[in-house]
Amino acid sequence: MRVLFAGTPQVAVESLNRLVADGFDVVAVLTREDAPVGRKRVLTPSPVAARAAELGIDIIHANRIDEQTQERLAALDLDIAAIVAFGGLVPEKALTIPRLGWINLHFSLLPAWRGAAPVQHSIMAGDDITGAVTFQLEKGLDTGPIFGTLTETIDPADTSGELLGRLAVSGAVLLSQTLSGLDAGRLVGVEQQSETSYAHKLTLVDGKVDWSLPALVIRRRINGTTPDPGAWTELDGQRFKLGTLTPQTEVTDLAPGEVRIEPGKQPRVLVGTGSHAVELGLVQPPGKKMMNAADWARGILASGTVDEVKFA
């Protein structure tokens, strides 16, 4: 079975590794072009490209599957294409290039959370269960018939990065099983049913914390946007990044955004919300690295500016 693997970020690497380990003939990898990374903006291959190079697989770099890219794909005599978080649309003309089409591994229980950021939106919405599906790619956005499904419980403390990490592993197995079933002719797709929801790509704005909301909603927002695009608030007009936090249901005397630092060997940083307070775990002040909130609090206590600290 001649397979094209299309993917870009780290979450797709597990699937590439699984297909190779399970003996599929991955004849090429399609991934996005090298992109600038870090403060020095160094052009860097995608995680999938880096792994494909280690495996000795031919790499096709393309941000868009244009006519030239389609010609290259057609020349590969593909049986099937497996796609995991490629980061670009597959045009209608390209869908018929592989004999069995394109099989997408998507990290939600379709038709729930179609779109670019399903895991993040599932956490922010307070879902108890999520999962992954394999489905036939077609013209519509994540609308094709489903071949396989798995489920995963969402823990209240899960960040999107942690949940995606687990789904990447289990989803890779599901993708491999789906390709094997299609190759053997024993799988038939099932049309999607139930209500549809959409998961737009997150931007920096989505990570902004509104302290007037209940603590549970804030926690979900922070967990859903961790690690990307990142949660943040404002302190003295500057962006102050936030890591995960812990609800403190017994503390109800702080106004939304009001900060209280409780001194001690391990200072506690409490912030008021629309319900009860939360305790910060990790923070990143402007121009500094991520640190324990206790370490940041020691600096604030030493400076004598505790009364001036309030998040907006």
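Figure legend. Inter-residue proximity from segment 77-93: first residues on the phi > 0 side of the Ramachandran plot, second residues surrounded by 15 or more Cβ atoms within 10 Å (Cβ to Cβ) and not small (Gly, Ala, Ser), beta-carbon distance below 7 Å, spacing 6+ or different chains. Indicated pairs: ASP77/ARG2; ALA85/THR8; ALA85/PRO9; ALA85/VAL11; GLY87/THR8; GLY87/ARG32. One residue is enough: does segment 156-165 have a residue meeting the conditions within 24 Å of LEU245 (Cα to Cα), open to solvent by less than 20 Å² (accessible area, probe 1.4 Å) and assigned to a loop (DSSP other than H, G, I, E, B)? Checked segment 156-165: at least one residue is within 24 Å of LEU245 (Cα to Cα), open to solvent by less than 20 Å² (accessible area, probe 1.4 Å) and assigned to a loop (DSSP other than H, G, I, E, B). Within segment 108-125, the set of residues being touching a Lys or Arg at 6+ places or on another chain (Cβ under 7 Å) and open to solvent by 20 Å² or more (accessible area, probe 1.4 Å) comprises ALA116, MET124. Evaluating GLY257 against the criteria (1) under 19 Å from GLU308 (Cα atoms); (2) touching a Leu at 6+ places or on another chain (Cβ under 7 Å) leaves one unmet condition, (2). Contact map, segment 296-312: first residue more than 15 Å from GLU279 (Cβ to Cβ) and part of a helix (DSSP H, G or I), second residue polar (S, T, N, Q) and open to solvent by less than 40 Å² (accessible area, probe 1.4 Å), Cβ cut-off under 9 Å, separation 6 or more or different chains; the map is empty.
Scanning segment 37-68 for residues that are closer than 24 Å to THR178 by Cβ, in contact with a strand residue (DSSP E or B) (Cβ under 7 Å, 6 or more places away or on another chain) and in a helix (DSSP H, G or I) yields VAL48, ALA49, ALA52.
Of all residues in segment 55-107, those being hydroxyl-bearing (Ser, Thr, Tyr) and either open to solvent by less than 50 Å² (accessible area, probe 1.4 Å) or under 23 Å from the mean Cα position of the chain (by Cα) (or both) number 1.
I'm trying to understand the selection: among the residues of segment 31-49, which are among the aliphatic types (A, V, I, L, M), surrounded by 13 or more Cβ atoms within 10 Å (Cβ to Cβ) and more than 22 Å from SER170 (Cα to Cα)?
ALA35
Checked against (1) assigned to a helix (DSSP H, G or I); (2) under 29 Å from SER275 (Cβ atoms); (3) among the β-branched types (Val, Ile, Thr), THR233 passes all but a single condition, namely (1). Residues in segment 197-220 that are closer than 16 Å to PHE311 by Cα and of a type in the set (D, E, K, R) were compared, and the one that is surrounded by the most Cβ atoms within 10 Å (Cβ to Cβ) is ARG219. Only residues that are open to solvent by 50 Å² or more (accessible area, probe 1.4 Å) and hydrophobic (A, V, I, L, M, F, W, C) were counted in segment 241-287, giving 1. Being under 21 Å from SER180 (Cα atoms), in contact with an Asp or Glu (Cβ under 6 Å, 6 or more places away or on another chain), at pLDDT 95 or above and not in a loop (DSSP other than H, G, I, E, B) is a property that GLY144 lacks.
Remark: pairs (first residue in segment 33-48, among the aliphatic types (A, V, I, L, M); second residue surrounded by 13 or more Cβ atoms within 10 Å (Cβ to Cβ) and assigned to a loop (DSSP other than H, G, I, E, B); Cβ separation under 7 Å; 6+ apart in sequence or on different chains) = LEU43/ASP34; VAL48/THR8.
Residues in segment 252-284 that are at pLDDT below 95 and part of a loop (DSSP other than H, G, I, E, B): 5 in all. Scanning segment 174-196 for residues that are surrounded by fewer than 17 Cβ atoms within 10 Å (Cβ to Cβ) and either in contact (Cβ under 8 Å) with a residue 60 or more places away in the chain or assigned to a helix (DSSP H, G or I) (or both) yields SER180, GLY181, ASP183, ALA184, GLN193, SER194, GLU195, THR196.
ALA199 - would you say it is at pLDDT 95 or above, in contact with a Phe, Trp or Tyr (Cβ under 8 Å, 6 or more places away or on another chain) and not hydroxyl-bearing (Ser, Thr, Tyr)? Yes, satisfied. Could you tell me whether segment 13-26 includes any residue that is part of a helix (DSSP H, G or I), of a type in the set (D, E, K, R) and loosely packed, with under 14 Cβ neighbours inside 10 Å? There is no residue in segment 13-26 that is part of a helix (DSSP H, G or I), of a type in the set (D, E, K, R) and loosely packed, with under 14 Cβ neighbours inside 10 Å.
The values are calculated or read from the model by the stated rules, or taken from the named source; none is laboratory data. None of these values were measured; they are calculated from a predicted model. Every residue, glycine among them, receives a Cβ derived from its backbone with ideal geometry; neighbour counts consider all protein chains shown. SASA here: full protein model, heavy atoms, side chains in, ligands and nucleic acids out. Shrake-Rupley method; radii C 1.70, N 1.55, O 1.52, S 1.80 Å.
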